[in-house]
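Right, one structure below, let's go through it.
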Amino acid sequence: MTQYSQNFIALHDINLDQEMLLKIKRNVLVPFMRNPTLLTHYADHIVQEQNQLLLSQSIQSSQQLSQVIRQLINQLNQSKKYFGQKKYNFIQRWFGIDLEQQAGSVNFLNDLNQLVEVATRLSHQVATEIYQSQKQMQQLEQLRVDMAHYVVAAEQFVQECHAFADNKMSLDPFKDRLHKKINTLMTSQSATDMAMLQQNLSRNTAMTILDRFNEAKNILIPAWQQHVLQLQTVQNPQELQQLNAARERLIQTLDHAVKTAPSK
């Protein structure tokens, strides 16, 4: 899965639609000029939409997937107890120790498969949440462009508002309030940008966890299980070495995934 990166363009460097700027001045700022108290609501719809999108950006299943992967690692670290070169003498076979060992290995594999199934379900949820997060980020980027239009239109209107005003109208109170509103919007957008960068980081982390788990599930776990089956039929040092090497590769891949995840 391709990771998502973003360096945000400064609001004043965004290529803006001049017709949109003029429309904001005429349809929004001119009415506000006659009633400056309304400036409180200038561009509020953009800020509210941004906040709503940011609140719904969490990829919650990523942390759960990391926890299950840690359980998988712990399970795999116990595998040497059940798989290896073991020779039983007559007395051990008489007491059924060899059968207990076989039963333990079957239970071990069943538990491992159950963990893989749980992790697989969570991985599907993570993939869905990543997709939704990407769509929401696109909406947030469009809202940045909208905010740029409102900020630049307001800045230009400070210089141009005399052309829209009656001769008797005092513009100083309006200009002061508009300056303050511009600063408020810039501060709000800076905070939103920081939140968006954090969401990008969280999404990239979730992608890494998902990629590593899929690699383990689709390639490394089947390879390790194949070595387990071969060891049960032909026990020799070479086969045991291959089993241990496959297990270590699998553990390293899963361990890399959980180390990528932020700890709570």
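Out of 205, 187, report the one residue that is more than 17 Å from residue 12 (Cα to Cα), part of a helix (DSSP H, G or I) and of a type in the set (Val, Ile, Thr).
Residue meeting the stated conditions: 205.
If you go through the stretch 46-57 one residue at a time, do you hit one that is modelled with pLDDT of 90 or more and over 17 Å from residue 195 (Cβ atoms)? Looking for residues that are modelled with pLDDT of 90 or more and over 17 Å from residue 195 (Cβ atoms), one finds none in the stretch 46-57, hence no. For the stretch 41-73, the set of residues classified as outside any helix (DSSP H, G or I) and buried (at least 21 other Cβ atoms within 10 Å of the Cβ) consists of 42, 43, 59, listed by residue number.
The values are calculated or read from the model by the stated rules, or taken from the named source; none is laboratory data. Keep in mind it's a predicted model, so treat the numbers as computed, not measured. Positions of Cβ are generated from backbone atoms using ideal geometry, with glycine treated the same way; all protein chains shown enter the neighbour counts.
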